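To keep things clear, I will list the structure first and then write my remarks on it.
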Amino acid sequence: MALRTQTATLAGGLMALWLAPPLAAQAQFRLEARHDHWRKHCTGTLAFTAGGVSYEEAPSKKKDRDRHAWRWAYTDIQQLDIGAGRVSVLTYRDVTWKLGADRKLEFMVADAAGLGQVYEFLKTRLDQRLVSRLAGDGFQPLWQLPVKRLGRIRGSEGALLVGADRIVYRTSRQGDSRTWGYEDIENISSASRFQLTITTFERDKFHYGNYKGFNFQLKEALDEARYDELWRRLNQSKGLKLIGSYRDKEESK
């Protein structure tokens with residue numbers, strides 16, 4: 001009887017495992033967030049799942065129909081911007097009183113560690129539509145350079161960190177840090193050993209639909225070998241690694 005019970009328990013466990021959704025589908029991050037209104041604000045939960053992003057206002061004295069609740073599939077998000085203590089969601093929905101501008105909702109989030117985890121979770125789901133203003137804390141670069149990012153009115157100073165799978169611009173100026181996977185970069189260019197431009201797929205509000213360029217003054221010279229390494233990593237992220245491998249194979253025959 002004991003053996004039969006153990007067998008039944010094992011069978012039940014295997015059945016439950018088989019019926020359970022994949023671990024990726026179970027992944028979920030829930031962060032406390034504040035959404036500011038034209039007047040006052042509300043607090044609630046910002047959730048990130050395999051299916052999309054949602055915000056639900058916490059229960060209050062409001063009637064259910066008056067509480068804010070939104071849900072977006074990833075295909076309904078034009079750009080999701082994660083900053084230090086802030087998340088903004090740009091949708092495809094028009095705002096009539098803004099002359100048809102697309103609707104953007106912003107949320108304040110105090111959990112910095114949680115936002116870092118959300119970035120790692122979303123980078124394969126939103127690809128180039130994900131903008132990270134995080135400084136990449138804990139990231140171990142292959143090499144780095146002290147730099148100044150040039151701005152239209154005011155720039156910022158920090159460090160450009162280059163890794164195997166990403167480039168990080170780390171600065172103390174709030175909202176100016178960035179983390180780019182190589183797949184988030186459209187191009188890199190350099191006019192001299194003391195200048196570097198990184199052109200990304202981030203939307204530029206001053207040039208609708210255009211790529212956004214980040215222009216850096218380098219405080220130390222960028223040698224040719226490191227610049228070539230950047231080019232190689234960028235090209236590999238675009239699938240050119242396969243072309244190079246095929247060419248090498250043909251030449252070795």
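The values are calculated or read from the model by the stated rules, or taken from the named source; none is laboratory data. In this text, all values refer to a predicted model and were calculated from it rather than measured experimentally. Note that each Cβ is placed from the backbone with ideal geometry, even for glycine, and that neighbours are counted across all protein chains shown. SASA here: full protein model, heavy atoms, side chains in, ligands and nucleic acids out. Shrake-Rupley method; radii C 1.70, N 1.55, O 1.52, S 1.80 Å.
Pairs over the 27 Å Cα-Cα cut-off, from the set LYS40/LYS123; LYS104/LYS212; LYS104/LYS219; LYS123/LYS238; LYS104/LYS148; LYS212/LYS238: LYS40/LYS123; LYS104/LYS219; LYS104/LYS148.
For region 106-117, putting each phi into the Karplus relation 6.51 cos²θ - 1.76 cosθ + 1.60 with θ = phi - 60° gives couplings of 10, 9, 9, 10, 8, 7, 5, 5, x, 5, x, 5 Hz, in residue order, rounded to whole numbers and with x for Gly and Pro. Phi angles across region 78-94 convert, under the Karplus curve 6.51 cos²θ - 1.76 cosθ + 1.60 with θ = phi - 60°, into 3J(HN,Hα) values of 6, 7, 10, 10, 10, x, 6, x, 8, 10, 10, 10, 9, 9, 8, 7, 6 Hz, Gly and Pro given as x.
Counting only protein heavy atoms and a 1.4 Å probe, region 105-186 has 47 square angstrom of accessible area per residue. Among the aspartates and glutamates, which have Cα under 17 Å from the Cα of LYS61 when same-chain residues fewer than 8 positions away are ignored? Answer for LYS61, where 17 Å is the Cα cut-off: none of the aspartates and glutamates qualify.
Label sites at GLU32 and ARG154, each approximated as a point 7 angstrom past Cα along Cα to Cβ, lie 3.1 nm apart. Converting phi to 3J(HN,Hα) with the Karplus coefficients 6.51, -1.76 and 1.60 and the offset θ = phi - 60°, region 164-170 yields 5, 10, 7, 10, 10, 9, 10 Hz in sequence order, with x at every glycine or proline. Between LYS104 and THR124, the simple label model (points 7 Å from Cα in the Cβ direction) yields a spacing of 2.9 nm.
Just to make sure I understand: if all protein chains stay in place, what is the order of ILE153, ILE198 by accessible area at 1.4 Å, largest first?
On the way: ILE153 170, ILE198 0 Å².
Solvent-accessible surface, decreasing: ILE153, ILE198.
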